[in-house]
Amino acid sequence: MNLPASSEPCVIQPLAQPADLPALDKVLHRPELAATITQHGLTLVTQQLRLLLAELRTQVLEQQLTLPEVEPTHIIAQLIERLSALTTSKLKTVINLTGTVLHTNLGRALLPDCAVEAVTQVLTQPTNLEFDLETGKRGDRDSLIESLICELTGAEAATVVNNNAAAVLLMLNALASTKEVIVSRGELVEIGGSFRIPDIMSSAGSKLVEVGTTNRTHYADYERAISEQTAMLMKVHCSNYAVVGFTKETALTELVKLGQQHQIPVTVDLGSGTLVDLAQWGLPHEPTVKETIQAGADLVTFSGDKLLGGPQAGFIVGRKSLVDIIKKHPLKRALRVGKLTMAALESVLSLYRSPELLPERLTTLRLLTRAQSDIQQQAQSLQASLQHAVGSDYLVNCEPMLSQIGSGAMPIESLPSFGLVVQYQGLDKANRQIMRLERGLRTQAQPIIGRIHKNALYLDCRCLSEAQAELLKVTWSEARL
Ligand SMILES: *Cc1c(COP(=O)(O)O)cnc(C)c1O
């Protein structure tokens, strides 16, 4: 039996009966609800009130409610809470303390301010999205950024679609439907979220011809597999895994020679679209789109929101005769991008014209190149407020840790970072308490996302802006953790 917790007199409230429930109209016309109706409209308020009253009726019949709980004022308070929950956005901004810069589940690249401004402009005003201002006739949306893409990649032509998965699908469908495409067994990648090379091939109606072995694929393997039916030789960037040890990959330049001999296009799914050599900022080298085009690839596909640092998009760049076929394919129309993407892309791509300014201007590169000492300072400034918020059952330390680039880019490389590590030192099970704390932070109105590793909560500060750091101090002091 539950005893009252304090010495206050125990008042036993009478149970509510169905007849005690107020009528819908009676609640609706209460003056306390007037402002709510002005805000949300009578339709939504009536609908939610009807649902609420039906639920209360069920609970009354099950003898779960007391008389005060069915009073109009109590019902109105519940109704207002429901309406506000219903109308807050489901898509929320979160604070990314996972240490993964391009976190696919958290929306990948963050756009720089210039792109945000460009998007805002086209959101509220008409644009020349498909209107040629010279001729006054219908234009082509690709033409808005095609020359810029070509300038940055050295390609002859380019087209843009919804994402890189769409780019690969469209390329295969337009150029190799019902035909064979030769791919090394070492490159049959699966990217998170069910992009798998064999599956995308069959969706495009192409026949995958696997050659070589998982660790070694030779020139001769490709050569032997060529037949009348071959429409493409394709290389795929391993992205989220690495083949190490006794390995052999056929160089792109070799494959290009073979393709030229047989007049078969050679394509590369590069995954992350790197437009500049990241090694100049101390990051690991990734083959750039330009290098891939220079090595002779006929077409290259890549993402807009991975290392490129732009909005979600997929690029197909390369030989004009092939890009022209792709542009005319019906799927291109189905997979095209909207004006918001176009505006953001143009703005982000323009930044690449001044490469030395990129670490300052391109958010993704700024986060990837942040000095460990800078991250350390930020982590230290947060330590005391978090320790205070979590209480003495937990110990908060400021420690070096390793960030990930994310989105399958350079999976075995990591970046020296700094952050807070929270350990439990109370009497309960540590893993239970750490999981509870992680959930507590994640379910705040402003969610805070960390990661659990070996019974401790890791909060990596690499992706934290100054403004967010200030916000955090307030958020976790107000949170009941
Ligand atoms: C990421 C990736 C894709 C999928 O790109 P999305 O832009 O996420 O659709 C396809 N291929 C490779 C090699 C990748 O790394």
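The values are calculated or read from the model by the stated rules, or taken from the named source; none is laboratory data. Everything numeric here is computed off the predicted structure, so don't read it as measured data. Don't worry about glycine lacking a Cβ; one is built from the backbone with ideal geometry, like all the others, and counts go over all protein chains shown. Areas reflect the complete protein model, heavy atoms only, side chains present, ligands, DNA and RNA absent. Shrake-Rupley method; radii C 1.70, N 1.55, O 1.52, S 1.80 Å.
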Fill in the blank from the handout: Counting only residues in the range 466-481 that are small (Gly, Ala, Ser) and under 17 Å from residue 367 (Cβ atoms), the one least open to solvent (accessible area, probe 1.4 Å) is identified as 469
Handout entry: Unique match (being farther than 16 Å from residue 339 by Cβ and modelled with pLDDT of 95 or more) among 133, 129, 111, 169
Key = 169
Practice task
Hey, could you check the range 298-322 for residues that are within 25 Å of residue 174 (Cα to Cα) and small (Gly, Ala, Ser) and say which is nearest to the ligand (Cβ to nearest atom)?
Solution key: 303
Exercise for the section: Taking residue 308 as the residue in question, decide whether it is part of a loop (DSSP other than H, G, I, E, B) and open to solvent by less than 20 Å² (accessible area, probe 1.4 Å). Expected result: yes
Exercise for the section: Please indicate, with yes or no, whether at least one residue in the range 330-338 is within 19 Å of residue 155 (Cα to Cα), in the same structural domain as residue 145 (by the TED database) and either in a loop (DSSP other than H, G, I, E, B) or β-branched (Val, Ile, Thr) (or both). Expected result: no
Handout entry: Tally, over the range 191-222, of residues that are within 14 Å of residue 236 (Cα to Cα), within 15 Å of the ligand (Cβ to nearest atom), open to solvent by 50 Å² or more (accessible area, probe 1.4 Å) and touching a residue at least 24 places away in the same chain (Cβ under 8 Å)
Key = 0
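Does residue 279 qualify as being touching a His at 6+ places or on another chain (Cβ under 6 Å) and either assigned to a helix (DSSP H, G or I) or modelled with pLDDT of 95 or more (or both)? Walk me through how you get there before you give the answer.
Numbers: touching a His at 6+ places or on another chain (Cβ under 6 Å): yes; either assigned to a helix (DSSP H, G or I) or modelled with pLDDT of 95 or more (or both): yes.
It is true that residue 279 is touching a His at 6+ places or on another chain (Cβ under 6 Å) and either assigned to a helix (DSSP H, G or I) or modelled with pLDDT of 95 or more (or both).
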Handout entry: Residue count, the range 244-274 (criterion: within 16 Å of the ligand (Cβ to nearest atom) and surrounded by fewer than 22 Cβ atoms within 10 Å (Cβ to Cβ))
Key = 2
Exercise for the section: Inspect the range 363-376 for any residue being in contact (Cβ under 8 Å) with a residue 40 or more places away in the chain, more than 14 Å from residue 281 (Cβ to Cβ), of a type outside the set (Lys, Arg) and part of a loop (DSSP other than H, G, I, E, B) and give the result as yes or no. Expected result: no
Practice task
Check whether at least one residue in the range 55-67 is in contact (Cβ under 8 Å) with a residue 24 or more places away in the chain and either touching a Cys at 6+ places or on another chain (Cβ under 8 Å) or farther than 12 Å from residue 18 by Cα (or both), and report yes or no.
Solution key: no
Completion exercise
With criteria (1) open to solvent by less than 30 Å² (accessible area, probe 1.4 Å); (2) touching a residue at least 60 places away in the same chain (Cβ under 8 Å), residue 456 comes up short on (2)
Fill in the blank from the handout: Filtering the range 432-454 for residues that are under 18 Å from residue 106 (Cβ atoms) and either assigned to a loop (DSSP other than H, G, I, E, B) or among the hydrophobic types (A, V, I, L, M, F, W, C) (or both) leaves a count of 10
Exercise for the section: Can you work out which of the residues in the range 128-160 that are of a type in the set (Asp, Glu) and over 20 Å from residue 170 (Cβ atoms) is most open to solvent (accessible area, probe 1.4 Å)? Expected result: 134
Exercise for the section: Run down 321, 354, 385, 303 and say which single residue is of a type outside the set (A, V, I, L, M) and not assigned by the TED database to the domain that holds residue 145. Expected result: 385
Practice task
Quickly run through the range 167-183 and pick out the residues that are within 13 Å of the ligand (Cβ to nearest atom) and open to solvent by 10 Å² or more (accessible area, probe 1.4 Å).
Solution key: 169
Practice task
Identify all residues within the range 430-481 that are basic (Lys, Arg) and at pLDDT 95 or above; write none if there are none.
Solution key: 432, 436, 439, 442, 451, 462
Problem - Of residues in the range 61-111 being within 30 Å of residue 416 (Cα to Cα) and among the polar types (S, T, N, Q), the one farthest from the ligand (Cβ to nearest atom) - result: 93
Exercise for the section: Might you let me know whether the range 180-199 holds any residue that is closer than 20 Å to residue 298 by Cα and over 31 Å from the mean Cα position of the chain (by Cα)? Expected result: yes
Practice task
Under 8 Å between Cβ atoms, at least 6 apart or on separate chains: pull out the pairs that start in the range 283-307 with a residue that is of a type in the set (Lys, Arg) and end on any residue that is away from the ligand (no atom under 14 Å from the Cβ) and not in a loop (DSSP other than H, G, I, E, B).
Solution key: 290/152; 290/153
Fill in the blank from the handout: Per the list (1) farther than 30 Å from residue 465 by Cα; (2) open to solvent by 60 Å² or more (accessible area, probe 1.4 Å), residue check on residue 86 breaks on (1)
Problem - Selection from the range 219-250 of residues that are within 12 Å of residue 186 (Cα to Cα), of a type outside the set (A, V, I, L, M) and modelled with pLDDT of 95 or more - result: 235
Exercise for the section: Could you check, for the range 286-297, whether at least one of its residues is more than 16 Å from the ligand (Cβ to nearest atom), touching a strand residue (DSSP E or B) at 6+ places or on another chain (Cβ under 8 Å), assigned by the TED database to the domain that holds residue 216 and open to solvent by 10 Å² or more (accessible area, probe 1.4 Å)? Expected result: yes
Problem - Exclusive hit being assigned to a helix (DSSP H, G or I), among the polar types (S, T, N, Q) and closer than 30 Å to residue 261 by Cα, set 341, 301, 292 - result: 292
Exercise for the section: Report those helices (runs of 4 or more DSSP H) wholly inside the range 13-77 carrying at least 1 residues which are over 20 Å from residue 87 (Cα atoms). Expected result: 24-28, 42-61
